[in-house]
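*Asks:* Below you'll find the structure I mean.
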Amino acid sequence: MMRRYATLKLAVALAGLGLAEPALAQVPSGCENLQKLMQERQSIVGQLNANAKAKRKMTPVQACGILGRLVGNGNSLIKFATANQDWCQIPATFVDGMKADNEKAGTIRGQACNAVKQQEVMQRRAQQQAQQRQGANPFGGADSITGGAMRVPQGAL
């Protein structure tokens, strides 16, 4: 019995590094959620790694979304691990490591999401400036009658 918990401790510690998925099969009753959260986290990190290996730059929108999922998963993982640390024999170093990793991911996510907000602001300004250049006409065109791209129907009215 003691060996089983020692194996779980090692598995949980290594799972943080992505090295011990098979060992997580020996999870005490009630601790299955930890395994599910870790698998979800590995999937999200796998997405990030795949983009990095393919040398594809993610747009800020993509980065904000993926990192948002990573931070949300980290928050759930930390909450579960903290609440069930004794029962599931989760090492304190694992919880501390998750907190540090989640904090870093949150910082990067904040930067990506701020970039998205800045892009939106810049797009709105560009649209406003384009409208102002067109004489602040709500129709936005150069037609002398309607003042815009909207056309008045031709023929008898």
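*Asks:* Among (1) under 28 Å from K57 (Cβ atoms); (2) surrounded by fewer than 16 Cβ atoms within 10 Å (Cβ to Cβ), which single condition is M98 missing?
*Replies:* Condition (2) is where M98 drops out.
*Asks:* Residues of the range 50-74 being closer than 28 Å to E120 by Cα, open to solvent by 80 Å² or more (accessible area, probe 1.4 Å) and in a helix (DSSP H, G or I), which ones?
*Replies:* If the condition is that a residue be closer than 28 Å to E120 by Cα, open to solvent by 80 Å² or more (accessible area, probe 1.4 Å) and in a helix (DSSP H, G or I), then V61, Q62, R69 are the ones that fit.
The values are calculated or read from the model by the stated rules, or taken from the named source; none is laboratory data. Remember, predicted model here, so these are calculated numbers, not experimental data. Heads up, the Cβs are rebuilt from the backbone with ideal geometry, glycines too, and the neighbour counts pull from every protein chain shown. Note: accessible area is taken over every heavy atom of the protein model, side chains too, but ligands, DNA and RNA are not part of it. Shrake-Rupley method; radii C 1.70, N 1.55, O 1.52, S 1.80 Å.
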